[in-house]
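K.L.:
Structure in structure tokens, see below.
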Amino acid sequence: MKILEQVNSFVYLGCRVTKDADCANEVKSRLAIGMVTMTKLVKVWKNNSILRLIGALVWPVATYGCKAWTLKKQE
């Protein structure tokens, strides 16, 4: 028989789940990951015909797991 440990937060499917359902850090983290992805593609973004790809390449990275976020008014 194993005793389960109670934790304040854990990562599930790449998203941090906290005891108090606060998603502020998760939102900040995902937006930062999206920004890193965008800066890696800076040469691509300079081409005006490619700008519409932001929605296809960056937005999904930034919002991955957003269905599980509990957002507050300030976020």
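All of the numbers you see were taken from the coordinates with simple rules; none came from a lab. Bear in mind that the values here come from a model prediction, so they are computed numbers and not experimental data. Don't worry about glycine lacking a Cβ; one is built from the backbone with ideal geometry, like all the others, and counts go over all protein chains shown.
K.L.:
So, in region 6-41, of the ones that are touching a residue at least 40 places away in the same chain (Cβ under 8 Å), of a type in the set (A, V, I, L, M, F, W, C) and part of a helix (DSSP H, G or I), which residue ends up surrounded by the fewest Cβ atoms within 10 Å (Cβ to Cβ)?
P.N.:
Here the residue is Ala24.
Here is a yes/no grid of residues against (1) over 16 Å from Trp69 (Cα atoms); (2) among the polar types (S, T, N, Q); (3) touching a helix residue (DSSP H, G or I) at 6+ places or on another chain (Cβ under 6 Å):
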{"position": "Met1", "(1), (2), (3)": "yes, no, no"}
{"position": "Ser9", "(1), (2), (3)": "no, yes, no"}
{"position": "Tyr12", "(1), (2), (3)": "no, no, no"}
{"position": "Lys19", "(1), (2), (3)": "no, no, no"}
{"position": "Cys23", "(1), (2), (3)": "no, no, no"}
{"position": "Val27", "(1), (2), (3)": "no, no, no"}
{"position": "Arg30", "(1), (2), (3)": "no, no, yes"}
{"position": "Thr37", "(1), (2), (3)": "yes, yes, yes"}
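K.L.:
When residues of region 57-75 are filtered for being under 15 Å from the mean Cα position of the chain (by Cα), more than 19 Å from Phe10 (Cα to Cα) and without any contact (Cβ under 8 Å) to a residue 40 or more places away in the chain, how many remain?
P.N.:
So the count comes out to 6.
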